[in-house]
Amino acid sequence: MHDFVIRNALLVDGLGSAPARGDLGVSGGKIVEVGKAKESYREAVDADGLALMPGIIDNHTHYDAQLTWDPLASPSPALGVTTAIIGNCGFTIAPCRPADRELIMRNLTQVEGMALEVLRAGTRWGFETVPEFFDMLERQGVALNVAGFVGHSSVRTYVMGEDAPRRAATPAEVAKMKEIVLDGVRSGAVGFATSTSGNHNGYGGIPMPSRLADEAELRELTGCLAEAGRGVFMLTKGSHTSISFLEDIAANCGRPVIVAALLHNNVSPRATFDELQAIAAANARGRRMLGAVSCCPLTMDFTLHSPYVFEGLKAWKPALSLKGEAYKALLKKKTFRDEVRNEIAAPSAGVRLFNGEWDKVYAGLRTIEDLAREAGKDPLDTLLDLALSENLDTEFSALLLNSDEDAVGRMLRDPNSLVSLSDAGAHLTLFNDAGFGLHLLGHWVRKLGILSLEEAVRRLTSHPATVFGIPGRGKLEKGSFADLMLFDPATVDRGPKRRVQDLPGGGMRLITPPVGVHGVWVNGVKVAGEKGMAKLDRMPGRVLREFDS
Ligand SMILES: [Zn+2]
C-alpha cells in the first residue's frame, strides 16, 4: 500500500511538456506513478482539475541566519517553494570564528537589511566551518530542502580578519581561502558565491570583503570548482566586472556561472540586454553562463533611517557611518545634496538602484515629483526636507527597477536567463519577493500571457535543478522526490504585502500571503495547505549535499 495519490489533476511536469490530466502517486517521499494511477493508496486527494507542478526551487535566498531560528524558512514553503538555495552573493554565516560573530551580524544588518537585535536574539552559532554549519542544519531539521553556497565574504573574514574589507589578499591568504572553499564544496556546498557590487556595503559603509578581491583571487577560488569537479559559481556583479572576465572564469573552471543581478533600468534600458547578449555569445563559444533576472518589479519601502536605496551611491558614503544629529546635519548640507544629485544625474555603468525616477518614489499617495513641483523645489531637497521635518520617520516607497513589463517580459523569455533574485530572507522591511514563483504564474502567465504555463513552471523547477545539478527534483517523474505544489491556475498569485512583527526580539518584516495555493509537499510530506503552513510533526526537508557533476 502506497502513501497517497492526487487524482484528476492538470499535471505540469516541470520539463516543459504540454499540461495533461492525470494522477500522481507518492510513496516513501518519492513519486511512484504519473498518469493513470493503478496502485493502491492509503489516502486519495481529488484535485478536481487543479494544477499540480513540482515545488518551486528558489535559487536566490538569504535564509542562512534565519534557518538557525526558523527551520520553516517562513514564508517560502507556503508560497510553493520546496527547495531554497542559501548563501547567495557570498553573504553566509559560515565559516565564522566565535570572535567574528558580531562582525558577521553587523555586516548582514547593512548589506541584507536584517536588524541587529533580531540576528543577536535569533542566530544559533553551533558551528564554525561550512561543513559544521550544514551538519547543524541537518541535526536541527528544515521544512524545505536547502542547498548552500560557500560564501566569499565569510571565507575572507575567516582568513584575513579585520583586513578582509580593507585590502587585496596575499598569495598565502588566497591559498588558505582555497582550502576552505574546496573543503566546503566537497562537503556539500552547491558552489561558490561572491559579490563585486557597489551596492554591497557592510557595517558603517565599509565594502563587503569580497569587493576587495582582485582578479587573481577570483580565478584561484573559482578554480576550486574545477578541482572538485562540481558546483556553480554565482556572482553579483559590480560595474567594473566585465562579462568577458566572467567568461574567462567560466572557461577556466568549466562550471556554470550565474551573473546577477540583471534588473532592468529605464534610464539605461539597453544595459541588461547587452549583458544577455554577451552571455549568449559566451555560451555559443561553449560556456555555461546565465543572467539572473527577476520577474518582480523591485520596489522598496524605506525611511531615511536606513535608506538602502541611496546607500550604494558614492556620494552617500559619508552618511553611512553617521548616526543621530551628525547624520541629520549632513543630510541638510547643500554640498552633500549637490554631490548626491550630480551622481544620480550621471549615467551609471552598473546596477544602480535609484536612477532619478522621482515620479516613482511615493510619500503616502503622492509622488516626490508631484510634491516638488507643487513646492517649486528640487525633488531630492523635497524628499530630504520632508524626512528631516518628521525626525526621519517618513515612510517612502520607491519603484526602482524592473518596472518596464515589455523589457522584463523579453528578459524572462531569454534562453540565457535564469528566473531568480527573490532575495528571500533579506531586506526584511524593504520588500518581500519570496512569492516570486506565484507572481510568475499569476502575473506573467495568466494576466499577461508572456509565458505559457508549462514554460513558466519549467523555469521555476527543472531549469534551476539542472543548472545547480540538483538530482531527482524539479520534475514530475516516476522516481523523483515528491516536492509538489497543487494550485489553481485561474487564481494563483501572491497577495498584497503586509507588515508582521514575528522576528526574534519582536522585529518587523514584510510578507505576502499565497493566493490560489491548495497544497505544498516536501519529500511527500504536506507542509502547507489552503490555510497556510500545516502543523509539522517532523521537518521533511533535506540539506542537499550531493550534486550532479
Ligand atoms: Zn542577494
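T194: of a type in the set (S, T, N, Q) and buried (at least 24 other Cβ atoms within 10 Å of the Cβ), yes or no?
Values: of a type in the set (S, T, N, Q): yes; buried (at least 24 other Cβ atoms within 10 Å of the Cβ): yes.
Against the criterion (of a type in the set (S, T, N, Q) and buried (at least 24 other Cβ atoms within 10 Å of the Cβ)), T194 qualifies.
Select from the range 68-81 the residues that are of a type outside the set (D, E, K, R) and farther than 25 Å from L440 by Cα and write down the one among them that is nearest to the ligand (Cβ to nearest atom). Steps first, please.
Taking the range 68-81 as the starting set, the residues that turn out to be of a type outside the set (D, E, K, R) are 68-69, 71-81.
Among the residues that remain, those that are also farther than 25 Å from L440 by Cα are: 68-69, 71.
Numbers: T68: 18, W69: 20, P71: 21 Å.
Top of the filtered list is T68.
Is at least one residue of the range 82-98 closer than 24 Å to L484 by Cα and more than 16 Å from the ligand (Cβ to nearest atom)?
yes
Quick check: anything in the range 240-252 away from the ligand (no atom under 16 Å from the Cβ) and of a type in the set (F, W, Y)?
Of the residues in the range 240-252, the ones away from the ligand (no atom under 16 Å from the Cβ) are 240, 242-252.
With the extra rule that they be of a type in the set (F, W, Y), the set shrinks to 245.
The answer is yes, given that some residue of the range 240-252 is away from the ligand (no atom under 16 Å from the Cβ) and of a type in the set (F, W, Y).
Regarding T222, is this residue free of Cβ contacts under 8 Å to residues at least 40 places away in the same chain and open to solvent by 10 Å² or more (accessible area, probe 1.4 Å)?
Details: free of Cβ contacts under 8 Å to residues at least 40 places away in the same chain: yes; open to solvent by 10 Å² or more (accessible area, probe 1.4 Å): no.
Taking the combined requirement at face value, the residue does not satisfy it.
Please work out which one of (1) modelled with pLDDT of 95 or more; (2) within 30 Å of P496 (Cβ to Cβ); (3) not acidic (D, E) is the condition S306 fails and give its number.
(1)
Go through the range 484-532 and report how many residues are modelled with pLDDT of 95 or more, touching a helix residue (DSSP H, G or I) at 6+ places or on another chain (Cβ under 7 Å) and not in a strand (DSSP E or B).
2
Could you figure out which of (1) of a type outside the set (V, I, T); (2) in a helix (DSSP H, G or I); (3) more than 23 Å from G409 (Cβ to Cβ); (4) more than 16 Å from the ligand (Cβ to nearest atom) isn't true of G286?
Tallying (1) of a type outside the set (V, I, T); (2) in a helix (DSSP H, G or I); (3) more than 23 Å from G409 (Cβ to Cβ); (4) more than 16 Å from the ligand (Cβ to nearest atom), G286 fails exactly one: (2).
I want to confirm something. Restricting to the range 227-239 and keeping residues that are closer than 19 Å to I85 by Cβ and within 23 Å of the chain's Cα centre (by Cα), which single residue is farthest from the ligand (Cβ to nearest atom)?
Step one: of the range 227-239, the residues closer than 19 Å to I85 by Cβ are 228, 230-237.
Those still in the list that are within 23 Å of the chain's Cα centre (by Cα) too: 230-237.
Details: R230: 22, G231: 18, V232: 15, F233: 15, M234: 9, L235: 11, T236: 6, K237: 12 Å.
Only one residue fits best here, namely R230.
Give the residue, chosen from A143, A147, that is in a loop (DSSP other than H, G, I, E, B), buried (at least 22 other Cβ atoms within 10 Å of the Cβ) and of a type outside the set (V, I, T). Reasoning before the result, please.
Numbers: A147 fails: in a loop (DSSP other than H, G, I, E, B).
Only one candidate qualifies: A143.
Can you confirm whether the range 521-535 contains a residue that is touching a residue at least 12 places away in the same chain (Cβ under 8 Å), open to solvent by less than 30 Å² (accessible area, probe 1.4 Å) and out of contact with any strand residue (DSSP E or B) (no Cβ under 7 Å at 6 or more places or on another chain)?
Kept after step one, since they are touching a residue at least 12 places away in the same chain (Cβ under 8 Å), are these residues of the range 521-535: 521-525, 527-528, 530, 532-533.
Narrowing further to those that are open to solvent by less than 30 Å² (accessible area, probe 1.4 Å): 521-524, 527-528, 532.
When the remaining residues are screened for being out of contact with any strand residue (DSSP E or B) (no Cβ under 7 Å at 6 or more places or on another chain), the result is 532.
Within the range 521-535, one or more residues are touching a residue at least 12 places away in the same chain (Cβ under 8 Å), open to solvent by less than 30 Å² (accessible area, probe 1.4 Å) and out of contact with any strand residue (DSSP E or B) (no Cβ under 7 Å at 6 or more places or on another chain).
Tell me which residues, restricted to the range 360-390, are out of contact with any helix residue (DSSP H, G or I) (no Cβ under 9 Å at 6 or more places or on another chain) and in a loop (DSSP other than H, G, I, E, B).
G364, L365, G376, E390
In this structure, is G479 open to solvent by 20 Å² or more (accessible area, probe 1.4 Å), assigned to a loop (DSSP other than H, G, I, E, B) and modelled with pLDDT of 95 or more? I'd like the intermediate steps shown before the answer.
Values: open to solvent by 20 Å² or more (accessible area, probe 1.4 Å): yes; assigned to a loop (DSSP other than H, G, I, E, B): yes; modelled with pLDDT of 95 or more: yes.
Answer is yes for this residue.
Given the residues V267, V259, which is the only one that is within 16 Å of the ligand (Cβ to nearest atom) and over 17 Å from S153 (Cβ atoms)? Talk me through it step by step, then tell me what you get.
Numbers: V267 fails: within 16 Å of the ligand (Cβ to nearest atom).
Checking each option against the conditions leaves just V259.
Just need a number here: residues in the range 535-548 that are touching a Pro at 6+ places or on another chain (Cβ under 9 Å) and either of a type in the set (G, A, S) or part of a strand (DSSP E or B) (or both).
Looking only at that region, the number is 1.
Working only within the range 160-173, note down all residues that are open to solvent by 30 Å² or more (accessible area, probe 1.4 Å) and closer than 16 Å to P98 by Cβ.
Hit for the range 160-173 is E162, nothing else.
Counting only residues that are in a helix (DSSP H, G or I) and open to solvent by 30 Å² or more (accessible area, probe 1.4 Å), which one in the range 205-219 is nearest to the ligand (Cβ to nearest atom)? Lay out the reasoning, then the answer.
Let us first name the residues in the range 205-219 that are in a helix (DSSP H, G or I), namely 205, 209-212, 215-219.
Going one step further and asking which of them are open to solvent by 30 Å² or more (accessible area, probe 1.4 Å), we end up with 211-212, 215-216, 219.
Values: R211: 14, L212: 18, E215: 22, A216: 25, R219: 23 Å.
This residue is R211.
For T491, all conditions in the list (1) open to solvent by 50 Å² or more (accessible area, probe 1.4 Å); (2) of a type in the set (S, T, N, Q); (3) under 20 Å from the mean Cα position of the chain (by Cα) hold save one; what is the number of the exception?
All conditions pass for T491, except number (3).
Return the pairs, sorted by first residue and then second, in which the second residue is in a helix (DSSP H, G or I) and among the basic types (K, R), the first residue lies in the range 329-346 and is free of Cβ contacts under 8 Å to residues at least 40 places away in the same chain, the beta carbons are less than 8 Å apart, and the residues are 6+ apart or on different chains.
Listed by first residue and then by second, the contacts come to E343/K314.
Scan the range 99-131 residue by residue and report those that are open to solvent by less than 20 Å² (accessible area, probe 1.4 Å), more than 16 Å from the ligand (Cβ to nearest atom), within 29 Å of P307 (Cβ to Cβ) and outside any loop (DSSP other than H, G, I, E, B).
M105, V118, L119, G122
Any residue in the range 300-323 that is among the aromatic types (F, W, Y), in contact (Cβ under 8 Å) with a residue 60 or more places away in the chain, in a helix (DSSP H, G or I) and more than 16 Å from the ligand (Cβ to nearest atom)? Please lay out each step first, then the result.
Of the residues in the range 300-323, the ones among the aromatic types (F, W, Y) are 302, 308, 310, 316.
So of that shortlist, the ones also in contact (Cβ under 8 Å) with a residue 60 or more places away in the chain come out as 302, 308.
Filter once more, so that each one left must be in a helix (DSSP H, G or I): 308.
From the residues that got through so far, the ones that are more than 16 Å from the ligand (Cβ to nearest atom) too are none.
So far as the range 300-323 goes, no, none of its residues is among the aromatic types (F, W, Y), in contact (Cβ under 8 Å) with a residue 60 or more places away in the chain, in a helix (DSSP H, G or I) and more than 16 Å from the ligand (Cβ to nearest atom).
Does L401 qualify as being under 24 Å from R288 (Cβ atoms), within 16 Å of the ligand (Cβ to nearest atom), buried (at least 22 other Cβ atoms within 10 Å of the Cβ) and of a type in the set (A, V, I, L, M)? Show your work before the answer.
Details: under 24 Å from R288 (Cβ atoms): no; within 16 Å of the ligand (Cβ to nearest atom): yes; buried (at least 22 other Cβ atoms within 10 Å of the Cβ): yes; of a type in the set (A, V, I, L, M): yes.
No.
For residues that are surrounded by fewer than 22 Cβ atoms within 10 Å (Cβ to Cβ) and either closer than 30 Å to P19 by Cα or of a type in the set (D, E, K, R) (or both), tally how many sit in the range 494-508.
6
Could you grab me the full set of residues in the range 273-303 that are open to solvent by less than 30 Å² (accessible area, probe 1.4 Å) and at pLDDT 95 or above? Walk me through it before giving the result.
From the range 273-303, those open to solvent by less than 30 Å² (accessible area, probe 1.4 Å) are 273, 276, 279, 282, 289-296, 298, 300-302; that's our starting set.
F273, L276, I279, A282, M289, L290, G291, A292, V293, S294, C295, C296, listed by residue number.
The values are calculated or read from the model by the stated rules, or taken from the named source; none is laboratory data. Note that the structure is a prediction, hence the values are computed from the model and not measured. In this analysis, Cβ positions are derived from the backbone assuming ideal geometry, glycine residues included, and neighbour counts consider all displayed protein chains. Surface accessibility is based on the protein's heavy atoms, side chains included, excluding ligands, DNA and RNA. Shrake-Rupley method; radii C 1.70, N 1.55, O 1.52, S 1.80 Å.
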